[in-house]
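**Student:** This structure is in structure tokens; I'll ask about it shortly.
The values are calculated or read from the model by the stated rules, or taken from the named source; none is laboratory data. What you see is a predicted model, and the numbers here were worked out from it, not measured in a lab. Cβ: placed from backbone, ideal geometry, glycine included. Neighbour counts: every protein chain shown. Accessible surface is based on the protein model in full, side chains and every heavy atom, while ligands, DNA and RNA are left aside. Shrake-Rupley method; radii C 1.70, N 1.55, O 1.52, S 1.80 Å.
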Amino acid sequence: MTSTINPGRVEPPVDDRGAPTPHFRVAVIGTGFSGLGTAIRLKQQGIDDFVVFERAGEVGGTWRDNSYPGCAGDIMSLLYSFSFAPNTEWKTTFATRDELLAYLKDCTAKYGVREHILFDHEVTGAEWDEREGRWHVRAGGRAFTAQVLVAGAGYLSDAKLPDIDGLDSFTGELFHSSNWNHDVDLRGKRVAVVGTGSSAIQIVPAIQPEVGQLYVHQRTPGWVLPKNDKVIGKLQLALRRGVPGYQKFRRGFNKWGREIVAFWLARPKAATKTLQGMAEKNLKKNITDEALRARLTPDFTVGCKRMLFSNDWYPALEKDNVELVTDGITRVEGNTVVTADGTRREVDVIVAATGFSATDRPIAHRIRGRGGVSLAQTWAKEGMTAYVGSTVAGFPNLFLILGPNTVLAHSSVTLTIEGGINHTLDALKAMDERGLATLEVKPEAQTAYNTKLQERFDGTVWAPGGCQSWYLGEHETNPSVFPTYSWRFLKQTRKVDLTAYTATTGVAAPVVGARSTGTGPR
């Protein structure tokens, strides 16, 4: 068999077991919200020829990995869930980690995607084959090919440990917040929590009552707003279960209400008067010690770093067994943490609540496009950019979910996840309708999009230079945040603009002897 994509290919590649290499129309990486959402929508669109690679033994992504005490969402449950997979059984306004993980597991079963998942199959490499016009994927020690690759690994999937001299020789228990060691009994222990971000403000109040001494190491404080978390009452549950359209209305009300926050964050003076005013009031109400309050007051406008939400963070810091440490850690010696002022604190446990590799994603080092150039190499040279957060020049038939500039600092990331999925599905539809083998965004289209996008940061709280945060990259740009309303992102990703793409026609030749199945991997 011959084709315009793969002329004269007659021998199939084989995997390590000597069997023909399995081939799929679509290969998806990850089973967090991004990967599972993609799988569900593929099924809903009648596409069964796909595989999902998962490095762990269960679905869930960040909600599987993060099991630390107090772990919960900080976006209302109704909005932090798929619009196409509603859940009427949320127990609280803001779902706990266990609820969110259960929701993802339920979606996996309800929509029949588990049979498409290969567990314990970490993607160690994915290379674009120019001659064949397909992706060669290495996962779980096996070889696969796919016409289209969808990367749903997320930006909060790979933990980042702090760069502290001597940390690797710490003689006590050390673990990252996303890999909590539940075998360690914290009762009566001396514990150091490094970091005061969104994970730490949940961990500290949860473990404070049981530890002997708790040292909270803060580099920079964040603005903390109250969290309006309530148990969902019987009437609300009845309305959500029994009144058609009610839950959809409530979700939409929440979605559009949060667009007001985007309006404020794009105008620092308005943000200072509204959101920052609320945060300052919350701080003054909960911290009575003026000296401590001063150390907890940020020197940047609200929203420049991720906003935090908690009702028990500030009260926990005033407990007798808690000390806020604002001098930086210089080194660790044995079981002793030494700070810049020379103070030495002996501890039994160090919890690194220090975030993730958000702007240097490990998966980007494993995906190689034209000429064997990795996504990481491309971004290191040109900056971390993509067209509508989804496609990158030099990487045909690659679609990113939660790619560059898809973080919504004011709303739920599930909205941009759904936008990325919509863009991917419409691209697949266009390929089917027009007989296209490949789609690759034009460099000039990607550049024009990102030039306009970065201009939107001017005058906002997210503009580079406002403060140091994980939002920022190394090219004096903000490669993380989508700096305007969520409805704009959803509008631009609803339909694929083929004028922004270079396409090749024809169908990639199926590898002789390879299996392409609609029943999922086996």
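**Student:** Carbon-plus-sulfur fraction of the accessible area of the chain, 1.4 Å probe, in percent?
**Tutor:** 51
**Student:** Now, a different point. What aspartates and glutamates sit close enough to Lys495 to cross-link, taking a C-alpha to C-alpha distance under 20 Å and skipping anything fewer than 8 places away on the same chain?
**Tutor:** Within reach: Glu418, Asp426, Asp432, Glu433, Glu440, Glu444.
**Student:** Tell me, what is the FRET efficiency for Phe119 and Lys43 to the nearest 0.05, using R0 = 22 angstrom and their Cβ-Cβ distance as r?
**Tutor:** Approximately 0.75, to the nearest 0.05.
**Student:** While we're here: Once amide H atoms are built 1.01 Å from N in the peptide plane, which residues 5 or more positions from Ala72, or in another chain, come under 5 Å H to H?
**Tutor:** It is Arg97, by chain and number.
**Student:** With a 1.4 Å probe and all protein chains left in place, how much accessible area per residue does the chain have, in Å²?
**Tutor:** 43
**Student:** Could you give the nm distance between label points at Lys160 and Arg267, where each point is 7 Å from its Cα heading toward the beta carbon?
**Tutor:** Inter-label distance under the simple model: 3.2 nm.
**Student:** What does the accessible area of Cys304 come to, in Å² to the nearest 10, when a probe of 1.4 Å is used?
**Tutor:** Here the accessible area works out near 10 Å².
**Student:** Relative to the longest principal Cα axis of the chain, at what angle does helix 413-434 sit, 0 to 90 degrees, rounded to 10?
**Tutor:** Long axis of 413-434 versus the principal axis of the chain: about 10 degrees.
**Student:** Please give the Cα centre distance for region 95-133 versus region 406-460, rounded to the nearest Å.
**Tutor:** Taking the Cα centre of region 406-460 as reference, the centre of region 95-133 is 21 Å away.
**Student:** Here's a follow-up. Summing -39500 (n - 2.57) over the DSSP H runs of n ≥ 4 in the chain and dividing by its residue number, what mean residue ellipticity at 222 nm do you reach, to the nearest 500 deg cm²/dmol? Write out the running numbers ahead of the final one.
**Tutor:** Details: 15 runs with 147 residues, N = 522.
After summing the helix terms and dividing by the residues of the chain, the value is -8000 deg cm²/dmol.
**Student:** While we're here: Once Lys and Arg get +1 and Asp and Glu get -1 on their Cβ, which of Phe170, Phe119, Thr145 lies farthest toward the positive end of the dipole of region 50-191?
**Tutor:** Looking along the dipole axis, the top candidate is Phe119.
**Student:** Assign unit charges at the C-beta atoms only (+1 for Lys and Arg, -1 for Asp and Glu), then state the dipole size of region 12-163 relative to its Cα centre in Debye, rounded to the nearest 20.
**Tutor:** 280
**Student:** Which of the peptides 210-221, 290-301 is most tightly packed, and how do the rest follow, going by the mean number of other Cβ atoms within 10 Å of each residue?
**Tutor:** Ranking the peptides 210-221, 290-301 by packing returns 210-221, 290-301.
**Student:** Please report, in debye to the nearest 20, how large the charge dipole of region 125-164 is about its Cα centre when each Lys and Arg carries +1 at its beta carbon and each Asp and Glu carries -1 there.
**Tutor:** Roughly 160 debye for region 125-164.
**Student:** Taking Lys269 as the anchor, which aspartates and glutamates have their alpha carbon closer than 16 Å to its alpha carbon, excluding any fewer than eight residues away along the same chain?
**Tutor:** Glu280, Asp299, Asp458
**Student:** List the lysines whose Cα sits under 18 Å from the Cα of Lys105, skipping any in the same chain fewer than 8 residues away.
**Tutor:** Filter leaves Lys43, Lys91.
**Student:** Anything over 22 Å Cα to Cα? Flag those among Lys305/Lys381; Lys285/Lys319; Lys255/Lys285; Lys230/Lys285; Lys273/Lys319, in the order listed.
**Tutor:** Values: Lys305/Lys381 25 Å; Lys285/Lys319 16 Å; Lys255/Lys285 29 Å; Lys230/Lys285 20 Å; Lys273/Lys319 30 Å.
Listed pairs above 22 Å: Lys305/Lys381; Lys255/Lys285; Lys273/Lys319.
**Student:** Sticking with this structure for a sec: With +1 assigned to the C-beta of every Lys and Arg and -1 to the C-beta of every Asp and Glu, and no other charges, what is the dipole magnitude of the chain about the Cα centre in debye, to the nearest 20? Each step should come with its number before you reach the end.
**Tutor:** Numbers: 61 positive and 56 negative charges, 403 e Å.
Rounded to the nearest 20 debye, it is 1940 debye.
**Student:** Under 8 Å for C-alpha pairs, at least 6 residues apart: give me the relative contact order for the chain, rounded to a whole percent.
**Tutor:** On the way: 1055 pairs, mean separation 118.1, N = 522.
It rounds to 23 percent for the chain.
**Student:** With each pseudo-label sitting 7 Å past Cα toward Cβ, what's the Leu239-Thr330 distance in nm, one decimal?
**Tutor:** Each label point lies 7 Å from its Cα, and together they span 5.9 nm.
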